[in-house]
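The values are calculated or read from the model by the stated rules, or taken from the named source; none is laboratory data. Every value quoted in this text rests on a predicted model; they were computed, and no experiment measured them. Cβ placement follows ideal geometry from the backbone for every residue including glycine, while neighbour counts extend to all protein chains displayed. Accessible surface areas use protein heavy atoms only, side chains included; no ligands, DNA or RNA. Shrake-Rupley method; radii C 1.70, N 1.55, O 1.52, S 1.80 Å.
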Amino acid sequence: MIMDISTTSGRVRAWLDMHLVDHGAIRAVYNNFYDLGGGMYRSSQPSPAQLRKYREKLGLRTVINLRGAHGYGSYALEKEACEQLGIALHDIKLYSRTPPEVEEVHAMDDLFKSIEYPALLHCKSGADRAGIGAALYRILHLGHRVEDAMSELGWKYGHFKGAKTGVLDFFFATYVARNAKSPIGFLEWVDTEYNRLEIHHRFREEGWASLIVDKVLHRE
């Protein structure tokens, strides 16, 4: 349920929630903002003030919220700010500790094809969900190699493959290993061979220690 900010008290609760509960105070200092090229940017959850800045400086037309619609004050304030600034807001929920659904990959592809640019994609901290969103953007929209796009899941953004969020790296690495055997397009692999549950189970059971793909990645 979206937080009600139609009253003064509701707005105060939303601002306190954004800054204290949802870590907005940290994001006000460092918002993990990067240019992906082609008119797309990635960041942590933007505040209304940051959205106004991006609208003025970048001409921002679209925001892709990878947290989905949620009950935090930051979302209610973001939704209001986008409406006031004439920015299209698209809510799609990705997850940081499970591989993406096939439908989620296609939903992102459809968005990249249909939205107005410049655009911004974000999650909460700009590390994990923004990372996979950024990688998918580079692969599906810019045509970059998966091996290169995987750099969007890196330590400099606050993402670590040794943690549970490493399942996102594992998803792409599984494709890289398969493609090394015989070439197959990324979306073709997603549609015809990708088994989300199997990859999730393998990662939980094996982690990176027994993944032969590391050798493949090191050769690239």
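Those residues that are farther than 16 Å from Ser125 by Cα and open to solvent by 40 Å² or more (accessible area, probe 1.4 Å), I need them from the range 144-160; list them, please.
Those that are farther than 16 Å from Ser125 by Cα and open to solvent by 40 Å² or more (accessible area, probe 1.4 Å): His144, Arg145, Glu147, Asp148, Ser151.
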Exercise. When the residues of the range 176-198 are filtered to those that are open to solvent by 40 Å² or more (accessible area, probe 1.4 Å) and part of a loop (DSSP other than H, G, I, E, B), which remaining residue is farthest from His106 (Cα to Cα)?
Worked result: Ser182
Seminar exercise, completed: By residue number, the members of the range 22-58 that are closer than 16 Å to Lys79 by Cα and free of Cβ contacts under 8 Å to residues at least 40 places away in the same chain are Ser47, Pro48, Ala49, Gln50, Leu51, Arg52, Lys53, Arg55
Seminar exercise, completed: Taking the range 20-33 and keeping residues of a type outside the set (Phe, Trp, Tyr), closer than 20 Å to Leu153 by Cβ and assigned to a loop (DSSP other than H, G, I, E, B) leaves Asn31, Asn32
For this session: Return the pairs, sorted by first residue and then second, in which the second residue is assigned to a loop (DSSP other than H, G, I, E, B), the first residue lies in the range 1-12 and is open to solvent by 60 Å² or more (accessible area, probe 1.4 Å), the beta carbons are less than 6 Å apart, and the residues are 6+ apart or on different chains.
Result: Met1/Gly71; Arg11/Ile5
